[in-house]
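Below: the structure, in structure tokens.
The values are calculated or read from the model by the stated rules, or taken from the named source; none is laboratory data. Not measured: the values here are computed from a predicted model. Neighbour counts are summed over all protein chains in view; Cβ atoms, including those assigned to glycine, are modelled from backbone coordinates with ideal geometry.
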Amino acid sequence: MQLWADATGTITTAEGFNLGGIITSPDRRALIVAQGNTGQLWRFDLRNASVTQVDTRGADLVNADGLVRQGSRLTVVRNFSRVVSTLRLSHGGSRAQVVRQQATDPERVLTTVKPLRGQLLYIDSHFDEQVAAPPYQVITNPFGTHPPYRGPR
């Protein structure tokens, strides 16, 4: 193992899942990493490994886990929140704005997502179970008939 970047002093660790999903910025000059327990996104510069917080304009991204970027569109799977958030990422990855937040099936805890042939595939992790039990599934529509998530009222 070899250390590439050290965010000590920049990213404060907290109880729960800290850093998780990782993607490249649209310009491919940085990595964007999710911190699930705080709902923050972090930008790791690929030239010098410096770390800065992505300005999400206060978006609720708590439980951010799986990330996928398609152009400037960032899809964030928010496991225990049971929400998929869609954001528009700036070219360099320093800013992101929520476009949509949509509730997922309340019977599933999705953890990651990958694109395949024009659609997104999601994994149901069974994180909500003491001991995960089948069926283990990859799904294409995590929303069913659920309306867009509007956040806490």
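Here is how the numbers come out for the structure above:
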| item | result |
| --- | --- |
| Set Arg57, Arg100: member being touching a Pro at 6+ places or on another chain (Cβ under 7 Å) and touching a residue at least 24 places away in the same chain (Cβ under 8 Å) | Arg100 |
| Top-ranked residue in the range 92-120 [being in a strand (DSSP E or B) and of a type in the set (Gly, Ala, Ser); ranked as farthest from Ser50 (Cα to Cα)] | Ala103 |
| From Thr112, Thr86, Thr75, Thr104, residue being buried (at least 19 other Cβ atoms within 10 Å of the Cβ), modelled with pLDDT of 85 or more and either under 20 Å from Thr24 (Cβ atoms) or touching a Ser or Thr at 6+ places or on another chain (Cβ under 6 Å) (or both) | Thr75 |
| Scan of the range 12-42 for residues that are on the phi > 0 side of the Ramachandran plot and either at pLDDT 95 or above or of a type in the set (A, V, I, L, M) (or both), ordered by number | Arg28, Gly39 |
| Residue within the range 20-27 that is among the β-branched types (Val, Ile, Thr) and surrounded by fewer than 13 Cβ atoms within 10 Å (Cβ to Cβ) present | no |
| Options Asp45, Asp60; residue that is over 17 Å from the mean Cα position of the chain (by Cα) and closer than 25 Å to Ile11 by Cβ | Asp45 |
| Members of the range 10-42 found to be among the polar types (S, T, N, Q) and either within 14 Å of Ser85 (Cβ to Cβ) or in contact with a Leu (Cβ under 8 Å, 6 or more places away or on another chain) (or both), listed by number | Thr24, Ser25, Gln35, Gln40 |
| Residues satisfying the stated conditions in the range 89-99, i.e. of a type in the set (Val, Ile, Thr) and surrounded by fewer than 18 Cβ atoms within 10 Å (Cβ to Cβ) | Val99 |
| Inter-residue pairs, beta-carbon under 7 Å, first at positive phi and in the range 61-76, second part of a loop (DSSP other than H, G, I, E, B), 6+ apart | Asn63/Gly36; Asn63/Asn79; Asn63/Phe80; Asn63/Ser81; Gly71/Pro26 |
| Answer residue from the range 121-142, given it is aliphatic (A, V, I, L, M) and touching a residue at least 24 places away in the same chain (Cβ under 8 Å) and is farthest from Thr52 (Cα to Cα) among those | Ile139 |
| Complete set of residues in the range 15-35 that are of a type in the set (Lys, Arg) and within 14 Å of Val51 (Cα to Cα) | Arg29 |
